[in-house]
1. Can you list the HN-Hα couplings for segment 223-236, worked out from phi with the Karplus curve (6.51, -1.76, 1.60; θ = phi - 60°), rounded to whole Hz and with x for Gly and Pro?
2. What aspartates and glutamates does Lys188 reach when the alpha-carbon gap must be under 15 Å and sequence neighbours fewer than 8 apart in one chain are set aside?
3. Please arrange Ser191, Ser179 by counting, for each residue, the other beta carbons lying within 10 Å of its beta carbon, fewest first.
4. Using label points projected 7 Å from each Cα along Cα→Cβ, tell me how many nm separate Asn240 and Tyr157, to one decimal.
5. In nanometres, what is the gap between the two model label sites at Lys223 and Ser183, each 7 Å from Cα along Cα-to-Cβ?
6. Using a Förster radius of 22 Å, what is the FRET efficiency between Leu56 and Leu115 based on their Cβ-Cβ separation? Nearest 0.05, please.
7. In the Gaussian network model of the chain, springs joining C-alpha atoms below 10 Å, which of Asn151, Asn206, Asn138 carries the largest mean-square fluctuation?
8. What list do you get for Lys132, Lys180, Lys188, Lys11 if you sort them by fewest beta carbons within 10 Å?
Amino acid sequence: MRTAFITGANKGLGLAAARGLGEQGVRVIIGARDPRKSDVAVRELVQAGIDAEPVLVDVTDPASVRGAAEEVARRHGHIDILINNAGILPEATAEEVDGPLDPRMFETTFATNVLGAVEVTHAFLPLLQKAKAGRIVNVSSTMGSLADQSNPDSPYYGVVVPAYQTSKAALNSITIALSKKLSDTPIKVNSACPGWVQTDLGGQQNRAAAPLTAEQGAQIITKLALIDEDGPTGQFFDANGPVRW
Ligand code: NDP
């Protein structure tokens, strides 16, 4: 049985990805920063016949991340799949933003979306290296695609959230760099864009306007988590195929 560790898996896309992997026989470890929320999510998954368990993790707290990796190592010795899913978009709901480039927005957003993913990957890499064929999926966004941001024909051309967009561009760059660093190992690293999905990420208005359910959006995440040895590495995909960086 393969084991997956998913950050921010108590709701939204993380929970949907956990359900999708669980239904395919993967043991899912629900990484969440609030034990009450993860318990609710785990109960729901277990009732659906999925092998699920919680692990406490705040991706912005290095000690918490290290503790989570130690706990998973104690329980299972290794993981096969890491999904860096925890993410935030405070610019969408902030009452006030301090100018076009608010440094505090960058600080907060990068702490979770970039440094969080780096910290988690750093801590869990030894566990992935013990697996036969480790897989890492960084949950990114087309909003982080420089090609898309600069394309006037893109439906998202007018959406400008600089801290979020640069955080996902940085995450994409990490996907490329890490895939190179791990090129002599069986581990594959890819970025996934789930599309525009009905979750809490951008606040109520965003949720109401988004066309996709979390289950639909999570499909590309689970697909990349389960790619075989002939699958891609260091690439960026959405439901329609490769996304331009
Ligand atoms: P949600 O807000 O529904 O879920 C975000 C999850 O991340 C929650 O479980 C949240 O936990 C968790 N989280 C946030 N900060 C931390 C932290 N410091 N430590 C641990 N967990 C944390 O949003 P989505 O499901 O939409 O977002 C998941 C990912 O998908 C994000 O990376 C997002 O950028 C990406 N994405 C989403 C799109 C969309 O349209 N929804 C489009 C493209 C990408 P808590 O419940 O405790 O807040």
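Since every read-out is calculated from the coordinates, none of them should be taken as a lab result. Since we're looking at a predicted model, the values are computed, not measured. Please note: Cβ atoms are built from the backbone with ideal geometry, for glycine as well, and neighbour counts cover all protein chains shown.
1. 4, 5, 5, 10, 4, 8, 5, 8, x, x, 9, x, 10, 10
2. Asp80, Asp228, Glu229, Asp230
3. In order of increasing Cβ crowding within 10 Å: Ser179, Ser191.
4. About 1.5 nm, to one decimal.
5. 2.6 nm
6. It comes to 0.75.
7. For the chain, modelled as a Gaussian network with Cα springs under 10 Å, the answer is Asn151.
8. Lys132, Lys180, Lys11, Lys188
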